[in-house]
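A short worksheet on the structure shown next.
Coordinate-derived values only; no laboratory data. Nothing here was measured: the structure is a model prediction, and the numbers come from that model. Reconstructed Cβ throughout: ideal geometry from the backbone, glycine too, with neighbour counts over all protein chains shown.
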Amino acid sequence: MKPDLPYRNRVEAGRFLAAALGGYKSRPEVVVLGLTRGGVPVAAEVARALHAPLDVVVVRKLGAPFEPELAMGAIAGHGSEVLDEELIRTFGIARKDVDAIIAKERAEVERRERLYRASQPPLDLKQRTAILVDDGLATGSTMLAAVAFARKRSAQRIVLAVPVASRQAVEKLRGKVDECIVLAMPEPFFAVGEWYSNFLPVSDTEVIKLLQANAVTAVPA
């Protein structure tokens, strides 16, 4: 069933997305990974419906020094990073400035990894199907980093799944994954939040609670 935009909230979006992913239900090789932080409530609904374990991909946008909202790339755990080299060259951003921002955001990734996981290791992705879920894609930078993360951790198959995205982001990512499931690509597209009635920020506490609620099934393979 095609959703009517805007979604009420991330939970509703997750339920629509879960319906589109029904073919993955109860498959033992499937792992659902929510991009922090906004993707985790969506991913939790997907994991619940598919009877799959839930984990997180901690991602951070790399904002340009002169305009933090302008993404010059993104990083994720396990040393994964993607850089928009063309943008960096176009704006003449010095490599030392890029490296400084990467170091700052890497520290935040590590902090959140420790906070969310506590003493639990991340799920093993080797030879598994990783469904990467976010609440939406505007530029696609953070999802690119999440894809790199899943590839580095030897996922056998990577499925991108989002409730809403810009066509530009989907075209950027389609060839990087094994399957691309996007429920809506409205135009014009300015920001993910415009396609949700409730788009309140997701807290660290909420992420932890959602992971704990899934802990019965979310165990390392």
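With the charge dipole of the chain set up from +1 on Lys and Arg Cβ and -1 on Asp and Glu Cβ about the Cα centre, the Cα lying farthest toward the positive end among the listed residues Leu5, Leu21, Gln127 is that of Gln127. For volume of the Cα convex hull per residue in Å³, the value calculated from this model appears in (i) 114; (ii) 141; (iii) 130 under label (i).
In sequence order, the stretch 61-68 has phi-based couplings of 6, 9, x, 4, x, 8, 7, x Hz under the Karplus curve 6.51 cos²θ - 1.76 cosθ + 1.60, θ = phi - 60°, and Gly or Pro positions carry x. Each listed q (0.09, 0.13, 0.16, 0.20 Å⁻¹) maps to a log10 I(q)/I(0) for the stretch 111-216, found by the Debye formula over equal Cα scatterers with no solvent: -0.27, -0.56, -0.84, -1.17.
Note on the stretch 175-201 and the stretch 149-172: Cα centroid distance 12 Å, given to the nearest whole angstrom.
Among the trypsin sites (Lys or Arg not before Pro) in the stretch 1-81, those placed in a DSSP loop whose Cβ has at most 16 other Cβ atoms within 10 Å are Arg8, Lys25.
Starting from the stretch 73-160, pick out the chymotrypsin sites (Phe, Trp or Tyr not before Pro) whose DSSP state is loop and whose Cβ has at most 16 other Cβ atoms within 10 Å. Within the stretch 73-160, the qualifying chymotrypsin sites (Phe, Trp or Tyr not before Pro) (loop, at most 16 other Cβ atoms within 10 Å) are Phe91. Would you mind telling me the antiparallel percentage of the DSSP bridges in the stretch 112-221, rounded to 5? Here the antiparallel bridges make up roughly 10 percent for the stretch 112-221.
As a test, work out the antiparallel percent of DSSP beta bridges whose residues both lie in the stretch 12-160, rounded to the nearest 5. Write down the numbers at each step before the final one.
Details: 10 of 23 bridges.
Looking only at bridges with both residues in the stretch 12-160, the antiparallel portion is about 45 percent.
For the chain, what does the helix formula give at 222 nm: sum of -39500 (n - 2.57) over DSSP H segments with n ≥ 4, over the residue count, nearest 500 deg cm²/dmol?
On the way: 7 runs with 81 residues, N = 221.
Helix contribution divided over all residues of the chain: -11500 deg cm²/dmol.
Under the convention that each Lys and Arg Cβ holds +1 and each Asp and Glu Cβ holds -1, the size of the dipole of the stretch 153-205 around its Cα centre is about 260 debye.
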